[in-house]
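Please treat every number below as a calculation from the coordinates, not as lab data. Not measured: the values here are computed from a predicted model. Methodologically, a virtual Cβ is constructed for each residue, glycine included, from the backbone with ideal geometry; neighbour enumeration extends over all protein chains shown.
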Amino acid sequence: MNKSKYKILVTGGAGFIGSNLTEELLQQGHKITVLDNFATGKIENLLPLLKKYPDRLTLRVGDIRNLGDCREAAEGAEYIFHEAALGSVPRSIKDPVTTNEVNVTGFLNMLVAGRDAGVKRFIYAASSSTYGDSTSLPKVEDVIGKPLSPYAITKYVNELYADVFSKTYDMECIGLRYFNVFGRRQDPNGAYAAVIPLFVKKLMGHESPVINGDGEYSRDFTYIDNVIQMNFRAMETTNPEAVNQVYNTAYGERTTLNQLVGHLKEFLGDYDPEIKNIEVIHGPNRQGDIPHSLANIDKARALLKYNPKYNMRDGLKEAVKWYWEHL
């Protein structure tokens with residue numbers, strides 16, 4: 001492993017994935033700047049880190065839709081981890097304009113800022129939503145369909161822009177297609193909360209979780225520590241073939257929503273036995289949802305030496321423990 005210490009910019013570093021990545025980078029001795037406008041991120045995710053690493057963590061409150069903010073944050077950076085985005089398919093359907101402004105214009109601003117700052121590498125959060133209406137399983141990086149939501153369009157455009165910048169400006173870009181990431185610090189509150197923290201909160205409150213559809217839609221739920229490993233592999237690789245690529249970032253295991261609830265009731269039931277008897281409510285299918293998602297991670301294994309440590313159940317057990325202690 002490369003032991004060099006770098007100046008690194010993490011956009012969206014107050015968010016779920018961004019704050020976990022920032023924490024691990026700080027633990028490895030790097031000097032970090034976080035750029036966040038707290039649209040979805042939380043200052044609480046950074047306060048312990050600001051206190052622990054006052055000399056190596058700088059927080060810049062700014063918006064990636066503002067090119068000036070991006071340039072200031074990127075100044076002096078050697079690597080950029082671009083995690084800032086407006087997630088959620090339903091949010092993008094309700095408000096496609098804002099989703100596009102943040103995810104496309106904001107992304108382009110960060111690419112320009114990174115190019116002009118002369119960064120060594122630009123690593124960005126791509127999305128499994130890019131596979132769209134492709135029915136092939138498992139998902140292989142070079143076989144995609146048409147996007148099914150405005151959010152999916154924005155994340156595909158990110159990949160196109162990164163590819164053009166790598167060819168036109170000789171930038172090193174690596175995209176990580178995240179598959180349903182979950183784990184500590186993922187927010188269970190708000191209209192667009194992800195399914196796992198939302199279900200955990202419901203079950204802990206002895207309320208019935210609502211599954212969209214019959215519960216047989218499946219996802220490749222990916223624990224946060226696997227994602228952190230993947231980001232580090234993308235930063236540290238010296239393999240020229242590994243650069244200017246897009247990679248599935250997942251475990252490679254499919255779980256239905258019905259199975260997910262069963263696991264949650266099992267693990268939460270160890271803390272509160274009454275949870276095991278809570279019934280599930282089924283609602284209509286959600287617009288823009290992909291029925292099934294399963295990643296082939298052979299490319300990441302081969303080129304980046306990615307080796308995920310947490311399967312879905314092991315990761316879920318860790319996540320449930322965290323939520324039980326913090327909710």
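Things worth noting here:
- Spacing of the two label points (7 Å from each Cα toward its C-beta) at His282 and Glu75, in nm: 5.8
- Theoretical FRET efficiency, 1/(1+(r/R0)^6), r = Cβ-Cβ of Glu216 and Asp170, R0 56 Å, to 0.05: 0.75
- For the range 236-306 versus the range 42-58, the inter-centroid distance based on Cα atoms is 29 Å.
- Spin-label proximity, Asp163 to the range 243-276 - amide N less than 12 Å from point 7 Å beyond Cα toward beta carbon: 245-246
- Compared with the dominant principal axis of the Cα atoms in the chain, helix 195-204 is inclined by about 40°.
- Within the range 243-327, the GluC sites (Glu not before Pro) that combine a DSSP coil assignment with at most 12 other C-beta atoms in a 10 angstrom radius are Glu279.
- Projected-area average for the range 141-219 over all orientations - Cα convex hull basis, square nanometres: 7.7
- Computed from the C-beta positions of Asn307 and Val143, the FRET efficiency with R₀ = 35 Å rounds to 0.90.
- Taken one residue at a time, the phi angles of the range 228-244 give Karplus couplings (6.51, -1.76, 1.60, θ = phi - 60°) of 4, 4, 4, 4, 5, 4, 5, 6, 8, 4, 10, 7, x, 6, 7, 8, 6 Hz. Gly and Pro are set to x.
- A simple rule links phi to the HN-Hα coupling: the Karplus curve 6.51 cos²θ - 1.76 cosθ + 1.60 with θ = phi - 60°, which for the range 115-132 gives 4, 6, 7, x, 5, 5, 7, 10, 10, 10, 7, 8, 8, 5, 4, 4, 5, x Hz, with x for Gly and Pro.
- Distance between modelled label sites at Gln28 and Asp270, nm, 7 Å Cα→Cβ extension: 2.9
- Read-out semi-axes √(5λ) of the Cα gyration tensor in Å, derived from the coordinates shown; its label in (i) 31, 22, 19; (ii) 41, 36, 19; (iii) 46, 23, 16: (i)
- Excluding exposed DSSP-loop trypsin sites (Lys or Arg not before Pro) (at most 11 other C-beta within 10 Å), longest clean stretch of the chain: 4-308
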